[in-house]
Amino acid sequence: MALARKVIAPHGAIRSIRPNPKHPHKAFDFISPLIRSVATICFLLACSRDDRPTTESGESLKELPLPGAAVMIGAGDIAVCGTSGDEETGRLVDSLLTADSVANVVSAVFTLGDNAYPSGSGGVDRDFQRCFTPSWGSPRIVSLIHPAPGNHDYDSGSGAPYFEYFGPRAGPSGRGYYSYDFGGWHVVSLNSEVYFEVSDPSEAKRQEDWLRQDLKDHPSLCTLAYFHRPLFSSGTHGGAQEVRELWNIMYNAGVDVVLNGHEHHYERFMPQNPGGIVDTRRGIEQIIVGTGGGELRGVRRSVAGNSVFEVHGHWGVLKLTVGAGEYRSAFIGTDGRVWDTGSGRCH
Ligand SMILES: [Zn+2]
């Protein structure tokens, strides 16, 4: 992968200084002693987490290889007209897909909701056409895309502009949840907005029943699920307790990885159960990637339990390499820098 574009970094480039239990050496590799000591002073003075020193120093991590495996690329909270973040992540996705294609790697693209700001409106604003198309609307991306809806995609009321724009690629129109198989994995795209934005309250139970049945019908060793609002988060919104029932169903069915947006930072968690207890045997690894182009945000002063690593102040996308019985993850910034890597085995 040759990505030499200069990063247009927003203010407040901040990274985690917490150790990475899975790759303890990697979490600290790129943090210089100077930054570490400044961060320690900051910690002792109880600085706000958003006031951590900015640094652009540090090395890109090396992606953990999984030869021959298929690749999924994506993020949430994407298209904003008049800013550069979504164009940068769109170009990154496109270049990663091109590199995969050259290497004969099969690829897919996911989105984690809030696809078009400010309101996914189909009216005079036409946010999808005006804002999403110029950034993530390339034929290469759109031909591989498997979206999920977010709250902003429902600002119009019914989410009609979202369903209209993505058509059959968003699953059955008006529903917002569907599944597909990719790279030997079963993949489920869910609609967290049934708990918030969808007016029919029975839709939440309908999705839960569908999910239970879908996972039963597809007893794949490896399963990925993604939707907009995270159950666990150190971000400004915090965890959305409403989606816990989805987690209960997924945990009982052996889902391996969950991806979310809504929070505008990157954060990876230890595998855990729906109650937030670390579970290395059957736990679900949750990763937040709300860094697709929307305004970047910090995290709260208190870090959520089992949070392994977070990056805020940088746009980027997640590359999830899905292999036979195992996976690798990499959070890649718009300058091509690999900020975080992870891995796991399916259960
Ligand atoms: Zn949102």
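The values are calculated or read from the model by the stated rules, or taken from the named source; none is laboratory data. Nothing here was measured: the structure is a model prediction, and the numbers come from that model. Reconstructed Cβ throughout: ideal geometry from the backbone, glycine too, with neighbour counts over all protein chains shown.
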Review point. Within the range 230-243, can you find the residues that are without any contact (Cβ under 8 Å) to a residue 60 or more places away in the chain, within 13 Å of the ligand (Cβ to nearest atom) and either touching a strand residue (DSSP E or B) at 6+ places or on another chain (Cβ under 8 Å) or under 25 Å from residue 108 (Cβ atoms) (or both)?
Key: 230, 243
Check your understanding: Which pairs do you get when a residue that is touching a residue at least 40 places away in the same chain (Cβ under 8 Å), found in the range 146-159, comes within reach of a residue that is more than 10 Å from the ligand (Cβ to nearest atom) and among the basic types (Lys, Arg), reach meaning Cβ atoms under 9 angstrom, with the pair 6+ apart or on two chains?
Key -> 146/169; 147/169
Exercise for review: Could you pull out the residue among 162, 180 that is closer than 20 Å to residue 246 by Cβ and buried (at least 16 other Cβ atoms within 10 Å of the Cβ)?
Suggested key: 162
**Study point:** Sole residue being of a type in the set (Asp, Glu), closer than 14 Å to residue 230 by Cα, assigned to a loop (DSSP other than H, G, I, E, B) and modelled with pLDDT of 95 or more, chosen from 267, 263, 285
**Key:** 263
**Study point:** Those residues of the range 200-212 which are loosely packed, with under 11 Cβ neighbours inside 10 Å and either among the charged types (D, E, K, R) or assigned to a helix (DSSP H, G or I) (or both), in sequence order
**Key:** 200, 202
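Rundown of residues vs (1) farther than 30 Å from residue 324 by Cα; (2) touching an Asp or Glu at 6+ places or on another chain (Cβ under 7 Å); (3) surrounded by 16 or more Cβ atoms within 10 Å (Cβ to Cβ); (4) not charged (D, E, K, R), yes/no style:
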| residue | (1), (2), (3), (4) |
| --- | --- |
| 239 | yes, no, yes, yes |
| 249 | no, yes, yes, yes |
| 255 | no, no, yes, yes |
| 269 | no, yes, yes, yes |
Revision key, fill the gap. Given (1) in contact with a Lys or Arg (Cβ under 9 Å, 6 or more places away or on another chain); (2) modelled with pLDDT of 95 or more; (3) not hydrophobic (A, V, I, L, M, F, W, C), residue 55 misses just (2)
Exercise for review: Give the residues of the range 80-97 that are at pLDDT below 95 and either part of a helix (DSSP H, G or I) or of a type in the set (A, V, I, L, M) (or both), sorted by residue number.
Suggested key: 80
Review point. Which one is nearest to the ligand (Cβ to nearest atom) among residues in the range 144-199 that are among the hydrophobic types (A, V, I, L, M, F, W, C) and assigned to a loop (DSSP other than H, G, I, E, B)?
Key: 196
Review point. In the range 108-129, which residue that is outside any loop (DSSP other than H, G, I, E, B) and of a type in the set (Phe, Trp, Tyr) is farthest from residue 154 (Cα to Cα)?
Key: 110
**Study point:** Of all residues in the range 108-134 being among the aliphatic types (A, V, I, L, M) and either farther than 27 Å from residue 188 by Cβ or more than 16 Å from the ligand (Cβ to nearest atom) (or both), the one that is surrounded by the fewest Cβ atoms within 10 Å (Cβ to Cβ)
**Key:** 124
Check your understanding: Which one is surrounded by the most Cβ atoms within 10 Å (Cβ to Cβ) among residues in the range 274-293 that are in contact (Cβ under 8 Å) with a residue 24 or more places away in the chain, more than 16 Å from the ligand (Cβ to nearest atom) and over 21 Å from residue 341 (Cβ atoms)?
Key -> 274
Point to revise | Where a residue in the range 61-73 is in contact (Cβ under 8 Å) with a residue 24 or more places away in the chain and in a strand (DSSP E or B) and its partner, wherever it lies, is surrounded by fewer than 19 Cβ atoms within 10 Å (Cβ to Cβ) and of a type in the set (A, V, I, L, M), with Cβ under 6 Å and at least six apart | key: 70/106; 71/105
Check your understanding: What tally of residues in the range 215-238 results from selecting those that are within 16 Å of residue 283 (Cβ to Cβ) and assigned to a loop (DSSP other than H, G, I, E, B)?
Key -> 5
